[in-house]
1. Out of curiosity, is Leu142 of a type outside the set (Asp, Glu), part of a strand (DSSP E or B) and within 21 Å of Tyr198 (Cβ to Cβ)?
2. I'd like the full set of residues that are in a loop (DSSP other than H, G, I, E, B) and either near the ligand (Cβ under 8 Å from one of its atoms) or within 21 Å of Gly136 (Cα to Cα) (or both), limited to segment 26-64.
3. Collect the residues in segment 150-175 that are among the charged types (D, E, K, R) and more than 16 Å from the chain's Cα centre (by Cα), keeping them in residue-number order.
4. Could you say which residue among Tyr24, Tyr55 is closer than 30 Å to Asn131 by Cβ and out of contact with any helix residue (DSSP H, G or I) (no Cβ under 8 Å at 6 or more places or on another chain)?
5. Are any residues in segment 121-133 under 17 Å from Arg46 (Cβ atoms) and either without any contact (Cβ under 8 Å) to a residue 24 or more places away in the chain or among the hydrophobic types (A, V, I, L, M, F, W, C) (or both), and if so, which ones?
6. Condition first: of a type in the set (Ser, Thr, Tyr), closer than 25 Å to Ser128 by Cα, within 8 Å of the ligand (Cβ to nearest atom) and not in a helix (DSSP H, G or I). Now tell me which residues in segment 77-112 satisfy that.
7. Can you find a residue that is of a type in the set (D, E, K, R), in a strand (DSSP E or B), near the ligand (Cβ under 10 Å from one of its atoms) and touching a residue at least 24 places away in the same chain (Cβ under 8 Å) anywhere in segment 65-76?
8. Of all residues in segment 170-202 being part of a strand (DSSP E or B) and closer than 16 Å to Pro98 by Cα, which is nearest to the ligand (Cβ to nearest atom)?
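Rule-based calculations on the coordinates, nothing more; no lab input. Quick caveat, the model's predicted, so the values are computed rather than measured. Heads up, the Cβs are rebuilt from the backbone with ideal geometry, glycines too, and the neighbour counts pull from every protein chain shown.
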Amino acid sequence: MGREDRDSESSLIQTAGISRRERYQLLTSLVVPRPIGWLSTFSAERGANLAPFSYFVALSHTPMLVGASIGHRNGEPKDTLRNIRETGSFCVNVVSKPLLEAMNLTAGDYPPDVNEFDVAGLSMRRASLVNAPYVGECPAVLECRIFREVDLGEAPNTLVIGEVVAVRLDDSLRRIPGTHNVDTESLRPVGRLWSAGYALLGEIRTLPRPG
Ligand SMILES: Cc1cc2nc3c(=O)[nH]c(=O)nc-3n(C[C@H](O)[C@H](O)[C@H](O)COP(=O)(O)O)c2cc1C
């Protein structure tokens with residue numbers, strides 16, 4: 001099949017020519033599955049907060065950095081971002097299969113003083129090294145200190161980069177002997193697809209790197 005044929009069987013969508021909503025639909029249905037950063041934060045005024053973010057990514061291991069892109073609501077930063085600005089801290093709770101429904105409950109548009117830990121019936125624990133709560137039922141938690149806040153220009157989002165200063169692992173997680181690798185099947189991570197779709201762990205393939 002020549003280049004011309006292939007071109008005639010595909011369509012090129014110029015992102016400048018479609019709506020904001022359509023760009024969202026393309027991005028969130030093509031960059032899949034996305035890990036979910038379930039961010040827990042604290043505010044002296046508003047109390048504890050918990051919300052999921054699937055614009056979430058691992059950025060570097062030394063320093064150990066993760067990033068979450070947090071949207072604004074009615075032109076105001078979401079509670080998670082306000083709290084991170086206040087304390088310089090957050091925890092990333094890894095969403096494992098048994099916590100999928102609870103995670104979804106914490107995504108509601110609740111008033112700032114509502115504690116999503118209570119809404120979802122989750123136990124709130126205090127992190128060891130940072131000023132943030134974490135989900136007691138979560139098998140793996142990253143305790144983070146703010147590293148940078150990055151303005152994303154026209155986007156109604158702010159990228160928050162956190163340095164992971166401690167990792168909390170439940171004893172139920174299997175470790176690969178002699179390493180710090182955590183067995184993925186024991187972690188049972190959940191990924192986000194588009195809209196209300198989620199992916200659970202499927203077949204795992206192991207391929208040695210060439211050469
Ligand atoms: C699975 C999932 C992923 C989400 N990802 C994001 C995201 O990456 N960025 C964002 O701003 N909102 C995201 N949301 C919506 C927020 O979780 C929601 O607006 C939440 O109410 C924010 O809470 P807060 O105001 O307490 O910070 C997501 C929701 C769900 C269910």
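1. yes
2. Those that are in a loop (DSSP other than H, G, I, E, B) and either near the ligand (Cβ under 8 Å from one of its atoms) or within 21 Å of Gly136 (Cα to Cα) (or both): Ile36, Ala44, Arg46, Ser54, Tyr55.
3. Hits for segment 150-175 are Asp151, Glu154, Arg168, Asp170, Asp171, Arg174, Arg175.
4. Tyr55
5. Step one: list which residues in segment 121-133 are under 17 Å from Arg46 (Cβ atoms), which gives 124, 126, 131-133.
Within segment 121-133, Met124, Arg126, Ala132 meet the criteria.
6. Thr106
7. Taking every residue of segment 65-76 in turn, at least one turns out to be of a type in the set (D, E, K, R), in a strand (DSSP E or B), near the ligand (Cβ under 10 Å from one of its atoms) and touching a residue at least 24 places away in the same chain (Cβ under 8 Å).
8. The qualifying residue nearest to the ligand (Cβ to nearest atom) is Arg192.
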